[in-house]
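*Asks:* First the structure, then my questions, so here it is.
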Protein chains: 2
Amino acid sequence: MNTTRIARLLASACVFILGAASTRADEGMWPITEVAKIDLAARGVQVAAKDIFNPEGLGLVNGVVQLTGCTGSFVSDRGLILTNHHCAFGAIQDASTKERDYLALGFLARSLEDEIPARGYTARITESYRDVSAEVLAAVEPSMSPAERTKAVEKKSKEIVAAAEKANPGLRAEVAEMFAGKTYLLFLYTYLKDIRLVYAPPLGIGNFGGEEDNWVWPRHTGDFSFMRAYVGPDGRSADYAPGNMPYRPRVFLKVAAEGVREGDAIMIPGYPGRTFRHMTSHYLRFEEEVRMPAVVAWYDEQIGFMEEMGAADRAVALILAGRIKGLANTTKNYKGKLLGMKRLGLTAKRRAEEAELGTFIAADPKRREAYAGLLDRIGRVYEEQAATASREFLLSNLRSHVVPLAVAHTLVEAAIERGKPDLERESAYMDRNFSQTRTRLLERLKDFHAPTDRRFMRRLLERAGELPAGQRLAALDALFPNGYEPLALDVFMERLFGAARLDTEDAVNAALSMTPEKLAALGDPLLDLARALYPDHLRVREAERARKGALDGLLPLLVEVKRQFLEKSFIPDANSTLRLTFGRIRGYEPRDGVFYKPITTLDGVAEKATGRDPFDAPEALLDLYKKKDFGRFAPEGFKSVPTCVLYDADTTGGNSGSPVLNGRGELVGVNFDRAFEATINDYAWSPDYSRSIAVDIRYVLWVTQKIGQADRLLEEMNITP
Amino acid sequence: MNTTRIARLLASACVFILGAASTRADEGMWPITEVAKIDLAARGVQVAAKDIFNPEGLGLVNGVVQLTGCTGSFVSDRGLILTNHHCAFGAIQDASTKERDYLALGFLARSLEDEIPARGYTARITESYRDVSAEVLAAVEPSMSPAERTKAVEKKSKEIVAAAEKANPGLRAEVAEMFAGKTYLLFLYTYLKDIRLVYAPPLGIGNFGGEEDNWVWPRHTGDFSFMRAYVGPDGRSADYAPGNMPYRPRVFLKVAAEGVREGDAIMIPGYPGRTFRHMTSHYLRFEEEVRMPAVVAWYDEQIGFMEEMGAADRAVALILAGRIKGLANTTKNYKGKLLGMKRLGLTAKRRAEEAELGTFIAADPKRREAYAGLLDRIGRVYEEQAATASREFLLSNLRSHVVPLAVAHTLVEAAIERGKPDLERESAYMDRNFSQTRTRLLERLKDFHAPTDRRFMRRLLERAGELPAGQRLAALDALFPNGYEPLALDVFMERLFGAARLDTEDAVNAALSMTPEKLAALGDPLLDLARALYPDHLRVREAERARKGALDGLLPLLVEVKRQFLEKSFIPDANSTLRLTFGRIRGYEPRDGVFYKPITTLDGVAEKATGRDPFDAPEALLDLYKKKDFGRFAPEGFKSVPTCVLYDADTTGGNSGSPVLNGRGELVGVNFDRAFEATINDYAWSPDYSRSIAVDIRYVLWVTQKIGQADRLLEEMNITP
């Protein structure tokens, strides 16, 4: 599955750079700025460019939303959104209790009134864009230090956003960096804030195969759910209120119940998160040797512990489900990437390409003058990052992987930041974002599980004790003057968790409006620890800005010289803005002698079903299978209902929930994952291995009708069962 | 891989029964008695039946040999035999030392003089057969007890064999039971006893993938070796002597260097060991619930220990290699079978078929009279077997899994048996077999590794202490009057191994000709233990004969009524006699969404190669691959050399080394394994899953030429490189 939330947190220290070479028809996440340049007919698409995206009017993409870290699409005129089960997961988990286990059993709202608010969920629709590169870059002066440069770009971007939102009341603005240090676009979005849960299949369908099948083809997961966007009675975006009405989208997608066949052309609009296709070998080496192995080891440890906790108690399992899912998704993705990088010798290959580029630069005096030493300078940025990676990794985990300390950190920071003028604050604490920050914080609180968070805190302290000289965390060392001995840790942990009080929504809400002084006066030991660590966090942030500033000065030169060398233009890496990608329903050969077919069926669900998690397909489903009760959803040539489809379009995290459209622009599937061999996708594209996975619309409809008994949704989508 | 030696030891308690229904063109291991009835043209075979097997003259099968537990084929007029690497494994292991590691590095005899005698290896060529059912069954009288019945059949068979060998000097005779209790054939064989090792590729080719890839498709193992049969200067079968000459076979197979393509017809002659296709549900249940799980657990324990031992010391690894390989082969096969039985619900399915048969029997008074209660009576035989299974399993392991005790057991038994008239002895001790028994015993001695055998002995004693009341081994209990306490075991083990002396070839050879009294006078503690356990072994043998006698009385009735019910005839289960099977080069779908192609290539070797065991392809091979130095062995349509091929012919253990012939009867591959889904093959045939695996002749020739530098062998086979 492709979720970006976790990935984003982790990637925050890295910058995104450069575009992917658009040499192949299949590669490329095209920005909507480029839609007119795409040869749609050659890609099997019959829809005209202006009917996909129309700067002067409406196009298909107006029916597509960015749904928090995912994508979704409107499939009715009443704001019904089709997305992935794993995208709605947080909302389903929130609504579930041990007694009312919607996660395990599935959920159907019998009527609009029963639809459950999904707190923290938002939906954005791209309305327009404008190039603001000149304006942004005018703020940068040659005399600036790298960190100052980053801050200047950030400040200017905030000003542009503020002006745009003032000029377009009700819309939301974002400045997106397309090419690092070089190109910036201002996007305007419709921004919906009342999203509700409508239908989710049982976990044994929506997450069938669980972590075992995650990032795996052939797949048999019914990874879909329905949500709905609501607006105020005046039709304008509003926070949740009981009197809100279903949103009336200006465009919604037609659902094509007949689905696809092997070889069919498809097109996917969506909001892919991040790719790193043209990063230098230095970045790849850092990822391969430093960051990813550290993440995998620590996440696997956390997952192991949480699984033990959950195995003993279903209520605890429900609390920890989301945390496990997020970590497991990342660690398996990284394992796939590490394997792929090793198999392809990716870093060495990139290094060889850079050596050729170096030769090209050296061969011409003018080029020498402009670009000599460029790659070495980029390399040094990563060398510096590697030198402090252990310390930064530990700090980042202290900030985010122990729930009560993460809450305390946000409270400490909020108190400081909220005291500044709005435009000078860190983005999360600006007035326009603070309500969402508050909601996320309260959501985060629900993840708290004392034995788990105590265990993780203790392990992080132990690791702090093992940091090498020069990377030590003085704030922690001061707490353990005689070393991080077990007894000292016991005493400290008892004090830290024993007296802490900020574990209720009321307490956290109250603390969110306190000044730093008032907060300090609470004497909460977790707040005290967060405050003691805060200067270290600030230093890391400054270092990150310095690295980004340095790269922003270097990477535009790299793009420039690579364009000359390769004699082609690039399209920018994914950056959570609206993109389009194209492909065909197509299998692949994962290894010698094996061919993966591009469409799976219910036969495979029955084959894999064990009755036990993660292959615990519901009895009702297996009964229908045995009875061959497939309705109209097992088309000619199939022995049962198609479940998932595979295609060679170019997707990444954030594309989860993206509609898969046929050549006529009709919805035939919901994108939710990539094949294991395609996790490497974020770094390098391969026509042989890059394959993404959708749940087949025929499975969506069959499950919704036969398992969910949700005929009202089929009717709403104009599907005759 | 398919070896039968271990399987035979284990299966010795079971009887083979019934034939497989010949409803499908692909199913069936046809006895040569049936060759004339096969529709060869429909199977894509252009060779006439009489050119395959000709009772009055010569056919292709005269070029095929039973090579100890495997099959092989003559591929030159000088007795060159092509078989599997795993069939020649014992010979290669014997010839290897830590300093001269032919197992790891491969072996090539530069000339005839350098070919290494493979002690214990024999080659048999089927010359003719005759039905002796009437003669054998005339020895059975209704008044006999089941055990007496078995003994009468055994005795009569020995007499027939003795008469046949007397009448045909130089040939070897065997009576084979085709349908249990019903049909018996006398086969006459040419019997060659001087077999030598000619060429074996390095382990990283011949056993590439090791246990990990064993029973797995797609496969990339170069599982082949060349051996050669020698005869006395007079051209007659002879024991090894330096002056022996290469055997001149009357028929040898043409090697077709061009290989096969997907869909091509193939035909496989060979000596499949045992199948159990039409056994009753009682047998399947015993296998599934009692025997196989016990074997898997105990073998896995042994393998784990031996791998630890070998990891520390390559010399020890060489000693234990064969034992590990044998056990691992069985345990993985059983795991595949257990999985397949569970997946197919095989036992329940068989029970349902039997219920239908029961209804058929009940529906007619005559049938009721003849067959009522038949299935229940068969069931009771297995119930009795299950009741004493733990005890018998332990005894059988004491007899065979602790090398010095196994040697002692044979010595004790030999002394007793050799004192009887020849025809009254157990088969292994008859004059005609005793020399081979001696050789095997001396070979077995080489497996001895004190720390390993002591460990296994101790574990078996511990398990003897855990036997339930009623199944106890009194002979052992008497040795531990105060229970099997650790200290008592220590003392006993020290005495058992400390004073034992029968660990040299000379000592064992000498002991083999002693009387029971002389042997007893040696006072060897291992011999004493073997003697104490001997009466228990005799009781087990008696019980086995009683069970076989009971089934022999019942199973012919079952065959009879099944023929009436199903209205079809059966062909007998495999029984190590010459069979023919047919099929096509054909992939399969192991699970939904996956298609396995039927021909793999060197690409896959490079993909799998890790440089470490078991994927340690030689550098030389990978270099040739990189240079695309494929000679003439990468035909059109292939990017590199084909390595292995897959087909839907019907094979089992014992077919290892069988030649795979094209429709013209030319050799295109060497059969060596089945796909994991096809391990269930021994119990049930499936056109969807039953697939066998050969090393492709193109890989054989390419490796022999390019890695082995053995141009002389290619010339000998009339192959132009």
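The values are calculated or read from the model by the stated rules, or taken from the named source; none is laboratory data. Keep in mind it's a predicted model, so treat the numbers as computed, not measured. In this analysis, Cβ positions are derived from the backbone assuming ideal geometry, glycine residues included, and neighbour counts consider all displayed protein chains. Ligands, DNA and RNA are stripped out before the accessible areas are found, and what is left, the full protein with its side chains, is counted by its heavy atoms. Shrake-Rupley method; radii C 1.70, N 1.55, O 1.52, S 1.80 Å.
*Asks:* I need the phi-derived Karplus couplings for the range A:318-323: 6.51 cos²θ - 1.76 cosθ + 1.60, θ = phi - 60°, integer Hz, Gly and Pro marked x.
*Replies:* 5, 4, 8, 3, x, 5
*Asks:* For the range B:300-339, restrict the atom set to alpha-carbon positions and state the Rg and Dmax in Å.
*Replies:* Radius of gyration, then largest Cα-Cα span, for the range B:300-339: 11.2, 36 Å.
*Asks:* In the range A:539-627, if the dipole is taken from +1 on Lys/Arg beta carbons and -1 on Asp/Glu beta carbons about the Cα centre, which of A:577, A:543, A:617 is farthest to the positive end?
*Replies:* The Cα lying farthest towards the positive end belongs to A:543.
*Asks:* Can I ask one more? Points 7 angstrom from Cα along the Cβ direction at residue B:99 and residue B:490: gap in nanometres?
*Replies:* Between residue B:99 and residue B:490, the simple spin-label model gives 3.9 nm.
*Asks:* Another question, if that's okay. Lys and Arg at +1, Asp and Glu at -1: add these up for the other residues within a Cβ distance under 12 Å of residue B:33 and post the number.
*Replies:* Counting the neighbours of residue B:33, the net charge comes to +1.
*Asks:* Would you mind giving the total buried accessible surface between chains A and B, with a 1.4 Å probe and ligands, DNA and RNA left out, rounded to the nearest 100 Å²?
*Replies:* Counting both chains, the buried surface is close to 1300 Å².
*Asks:* How large is ³J(HN,Hα) for each residue in the range A:203-209, as worked out from phi by the Karplus curve 6.51 cos²θ - 1.76 cosθ + 1.60 (θ = phi - 60°), to whole Hz, x for Gly and Pro?
*Replies:* Each residue's phi maps through the Karplus curve to give 4, x, 10, x, 10, 3, x Hz.
*Asks:* Further question on the same structure: About the Cα centre of the range B:390-451, how large is the charge dipole given +1 on each Lys and Arg Cβ and -1 on each Asp and Glu Cβ? Please answer in debye to the nearest 20.
*Replies:* Value, rounded to 20: 140 debye.
*Asks:* Could I ask something else about it? Residues of A:81-89, mean number of Cβ from any other protein chain within 10 Å of their own Cβ, rounded to a whole number?
*Replies:* 0
*Asks:* Now, a different point. What are the principal axis extents of the Cα atoms in chain A, in Å, biggest first?
*Replies:* Answer, in whole Å and largest first: 70, 68, 57 Å.
*Asks:* Report Rg(Cα)/(2.2 N^0.38 Å) for the range A:624-686, keeping two decimals.
*Replies:* Its radius of gyration relative to the 2.2 N^0.38 Å reference: 1.41.
*Asks:* I would also like to ask the following. Please compute the length gained on full extension between residue B:58 and residue B:168, using 0.36 nm multiplied by the number of residues separating them and subtracting their Cα-Cα distance.
*Replies:* In short, 37.8 nm is gained.
*Asks:* Can you tell me which of A:43-54, B:357-368 comes out highest on packing, and rank the rest after it, using the mean Cβ neighbours within 10 Å?
*Replies:* The densest-packed peptide leads the list: A:43-54, B:357-368.
*Asks:* Kirkwood Rh, the range A:158-261, all Cα pairs: how many Å?
*Replies:* 17.7
*Asks:* Right, next: I need the per residue convex hull volume for the range B:189-345, using only the alpha carbons, in cubic angstrom as a whole number.
*Replies:* Value for the range B:189-345: 205 Å³ per residue.
*Asks:* Next question, about the same structure. Classify the range A:101-159 as rounded, prolate or oblate from the Cα gyration tensor: take a ≥ b ≥ c as the square roots of its eigenvalues, call it rounded if a/c is under 1.5, otherwise prolate when a/b beats b/c and oblate if not.
*Replies:* prolate
*Asks:* I need the peptides B:612-624, B:67-79 ranked by packing, meaning the mean over residues of other C-beta atoms within 10 angstrom, with the highest value on top.
*Replies:* Per-residue Cβ counts within 10 Å, averaged per peptide and sorted highest first, yield B:67-79, B:612-624.
*Asks:* Which log10 I(q)/I(0) values, to two decimals, does the range B:87-187 give at q = 0.20 Å⁻¹ under the Debye formula with one point per Cα?
*Replies:* Treating every Cα as an identical point scatterer, log10 I(q)/I(0) equals -0.95.
*Asks:* So for the pair residue A:355, residue B:424, with labels modelled 7 Å out along Cα→Cβ, what separation do we get in nm?
*Replies:* Once both label points are built, they end up 8.3 nm from each other.
*Asks:* Assigning unit charges at the beta carbon (Lys, Arg +1; Asp, Glu -1) and nothing else, what dipole magnitude in debye, to the nearest 20, does chain A show about its Cα centre?
*Replies:* Once rounded to the nearest 20, the dipole reads 760 debye.
*Asks:* Another question about this same structure. Please compute the Cα-Cα pair-distance distribution of the range B:345-482 with 5 Å bins starting at 0, giving whole percents from short to long.
*Replies:* 2, 8, 12, 12, 11, 11, 11, 10, 9, 8, 4, 2, 0
*Asks:* Okay, next question. For peptide A:215-223, compute the average count of partner chain beta-carbon atoms within 10 Å of each residue's beta-carbon.
*Replies:* 1
*Asks:* Rounded to whole Hz and in sequence order, give me ³J(HN,Hα) for the range A:387-403 from the Karplus expression 6.51 cos²θ - 1.76 cosθ + 1.60, θ = phi - 60°, writing x for Gly and Pro.
*Replies:* After applying 6.51 cos²θ - 1.76 cosθ + 1.60, I find 5, 10, 5, 4, 5, 5, 4, 5, 4, 5, 6, 4, 6, 10, 9, 10, 3 Hz.
*Asks:* Continuing with this model, one more query. Using only the alpha carbons of the range B:645-721, what is the convex hull's orientation-averaged projected area in square nanometres?
*Replies:* 5.9
*Asks:* Name the long-range amide H neighbours of residue A:650: under 5 Å, sequence gap of 5 or more, or other chain; modelled H, no Pro or chain starts.
*Replies:* For residue A:650, the qualifying residues are A:582.
*Asks:* Take residue A:542, project a point 7 Å from its Cα along the Cβ direction, then tell me which residues of the range A:117-158 have their backbone nitrogen under 12 Å from it.
*Replies:* It comes to A:147-148, nothing else.
*Asks:* Based on the Kirkwood radius over alpha-carbon pairs, what is the Stokes-Einstein translational diffusion coefficient of the range B:584-721 at 20 °C with 1.002 mPa s viscosity, in µm²/s?
*Replies:* Translational diffusion coefficient: 132 µm²/s.
*Asks:* Hey, another quick one. Counting only protein heavy atoms and using a 1.4 Å probe, what share of the accessible area of the range A:198-310 belongs to carbon plus sulfur, as a whole percent?
*Replies:* Summing carbon and sulfur atoms, their accessible area is 52 percent of the total for the range A:198-310.
*Asks:* Tell me whether the protein assembly as shown comes out rounded, prolate or oblate; compute the Cα gyration tensor, take square roots of the eigenvalues as a ≥ b ≥ c, and use a/c under 1.5 as the rounded threshold.
*Replies:* prolate
*Asks:* Name the long-range amide H neighbours of residue B:571: under 5 Å, sequence gap of 5 or more, or other chain; modelled H, no Pro or chain starts.
*Replies:* B:20, B:22
*Asks:* Rounded to a whole number, what is D in µm²/s for the range B:502-575 from Stokes-Einstein with the Kirkwood radius over alpha-carbon pairs (20 °C, 1.002 mPa s)?
*Replies:* So the translational diffusion coefficient is about 129 µm²/s.
*Asks:* Rounded to the nearest 10 Å², what accessible area does residue B:94 have for a 1.4 Å probe in the complete protein model?
*Replies:* We get 60 Å² for residue B:94.
*Asks:* Please work out the Cα center distance from the range B:515-573 to the range B:250-265, rounded to the nearest Å.
*Replies:* 41
*Asks:* Considering amide H positions built from the backbone, and no H for Pro or chain starts, which residues 5 or more places from residue A:128, or on another chain, come under 5 Å of its amide H?
*Replies:* Under 5 Å from the amide H of residue A:128 lie the amide H atoms of A:188, each far enough along the sequence or on another chain.
*Asks:* Can you figure out the FRET efficiency of residue A:448 with residue A:384, using R₀ = 45 Å and their beta-carbon distance, to the nearest 0.05?
*Replies:* 0.80
*Asks:* List the residues of the range A:591-624 whose backbone N lies under 19 Å from a point placed 7 Å from the Cα of residue A:636 along the Cα-to-Cβ direction.
*Replies:* none
*Asks:* What is the Cα coordinate range of the range B:578-650 on the first, second and third principal axes, sorted by size from largest, in whole angstrom?
*Replies:* Reported extents, whole Å, longest axis first: 38, 31, 30.
*Asks:* While we're looking at this one, here's another question. To the nearest 20 debye, what charge dipole does the protein assembly as shown have about its Cα centre, counting +1 at the Cβ of each Lys and Arg and -1 at the Cβ of each Asp and Glu?
*Replies:* 1180
*Asks:* Then there's this: Can you check what the net charge comes to around residue B:389, using other residues whose Cβ is under 15 Å from the Cβ of residue B:389 (Lys, Arg +1; Asp, Glu -1)?
*Replies:* Every neighbour counted, the sum reads -1.
*Asks:* For the range A:422-517, just say rounded, prolate or oblate: build the C-alpha gyration tensor, square-root its eigenvalues into a ≥ b ≥ c, call rounded for a/c under 1.5, and beyond that prolate if a/b exceeds b/c, oblate if not.
*Replies:* prolate
*Asks:* Sticking with this structure for a sec: Just order A:29-37, B:96-104 by mean Cβ neighbour count inside 10 Å, highest at the front, would you?
*Replies:* A:29-37, B:96-104
*Asks:* What distance in nm separates the two pseudo spin-label positions at residue A:513 and residue A:131, each 7 Å out from Cα along the beta-carbon direction?
*Replies:* The two pseudo-label positions are separated by 4.7 nm.
*Asks:* Oh, and also: Which whole number gives the average count of other chain Cβ atoms within 10 Å of the Cβ atoms across peptide B:643-654?
*Replies:* 0
*Asks:* Over the range B:465-516, how many percent of alpha carbon pairs lie in each 5 Å bin up to the one with the longest distance?
*Replies:* With 5 Å bins starting at 0, P(r) equals 4, 16, 17, 16, 13, 14, 13, 6, 0.
*Asks:* To continue, here is another question. Provide Rg and Dmax in Å for the range B:62-138, with only Cα atoms included in the calculation.
*Replies:* 17.0, 59
*Asks:* Bin all alpha-carbon pair distances of the range A:269-344 at 5 Å intervals from 0 and give each bin's fraction as a whole percent.
*Replies:* 3, 14, 19, 19, 15, 12, 9, 6, 2, 0
*Asks:* Would you work out which of A:44, A:402, A:478 lies farthest towards the positive end of the dipole of chain A? Charges go on Cβ: Lys and Arg +1, Asp and Glu -1.
*Replies:* Checking the options against the dipole of chain A, the answer is A:44.
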